[in-house]
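Bear in mind these aren't lab numbers, they're just calculated from the coordinates by the rules spelled out. Fair warning: this is a prediction, and the values are worked out from it, not measured in the lab. Ideal geometry is used to build each Cβ from the backbone, glycine not excepted, and the neighbour counts take in all protein chains shown.
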């Protein structure tokens, strides 16, 4: 009788150890997942002082061609101000900024999006891992 009790205890201990090992294997990687979407957005860049200066000079030059006396001075100032604004705006339009937004469905069931200033070369279906605020293939 005592031998069967020892055998039963041994079987239970072995089964518990196997269940623990299986549970350890099934742990979810919270930073692992799969790319579900990649979007590229484009927005206007920043205009610089160079664009404003060039626009201001052009606007001032054109404004000085209008009117005479104090009217010419007002037109020159208005042309320079309008030209500076327009020059900065045009430069911003010419310097478009692209951003890549990669959406990931993580193994723990959560989703998240990471933005990149350059093409991350990730495609829908790629396996990735979140590391230091970015995504790496994994």
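For the pair residue 99 and residue 81, the difference between a 0.36 nm per residue extended length and the Cα-Cα distance amounts to 3.3 nm. Distance between the 7 Å Cα→Cβ label points at residue 68 and residue 127: 8.3 nm.
Residue 27 label point, 7 Å along Cα→Cβ, cut-off 16 Å on backbone N: hits in the range 102-136? Hits in the range 102-136 for residue 27 at 16 Å: 107-108.
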